[in-house]
Amino acid sequence: MASMDNVISVEPRALTKLLAIRSAEPDAEDLGIVLTITGVNGAAFTYEMALMLVADAAPDDHVEMHGELPVIIPKADVEHLRGSVMAMSRDLLAPGLQLQNPNSPSPEILGSNSSLELSGEIADQVVQVVDTMINPAIASHGGQAEVVAVEEGTVYVRLGGGCQGCGMASVTLSSGIEATIRHHIPSIVKVVDVTDHSSGDNPYYEQAKK
């Protein structure tokens, strides 16, 4: 595992939240947070965060400590995340963890991101985005997203694999999946997670029923 100065900083409230999510696992002391860039939304990156065993990190992954919490960053994402701050959102309409990143995608990355050609009905286009852009990104840590339905501008997805039961699922949904779908298909206004997270192999929380 790579060793260097910290790439990101984590504000105290955000660290408390991350440690609380991790503490729900029986093997909590062996787990770290992996932070990955999944794509681009407009002129900003999108991200995935998930819990993973520190021992499973790739040899060239960057691993840094924030208090008792290891944070794992893939080698390819280090420079794109350098100087970022993990914080709790102060926006009452969008509470939760957020990443403040001073870096922007290069023109080359923006150009490749805008080249996706979609066809068919809106539902077909959503499936194409999920299959070609989202699933390859989250598959690197065992995750998978399935489009359940598309109704009146709302996409309903079910998360599987490493994402099912993961306390970071809401971050993956809002910062990665939803942002990517809405960027490529502007008529989509919302993405809803219909996963039963309490039935995962290692569920970290039981999603509140609404």
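By how many nm would the segment from Ser89 to Glu11 grow when fully extended, if each residue of separation counts as 0.36 nm and the alpha-carbon distance is taken off?
Working: separation 78, 0.36 × 78 = 28.08 nm, distance 1.10 nm.
Here the answer is 27.0 nm.
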Give me the one-decimal nm value for the distance between modelled label points at Arg82 and Ser23, 7 Å along each residue's Cα-to-Cβ direction.
3.5
Expected unfolding gain across Ala58-Glu151 under the 0.36 nm per residue rule, minus the alpha-carbon gap, is 29.5 nm
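Values in this text are rule-based calculations from the coordinates and carry no lab data. Remember, predicted model here, so these are calculated numbers, not experimental data. Counting neighbours? That spans all protein chains shown, and the Cβs are built from the backbone with ideal geometry, glycine included.
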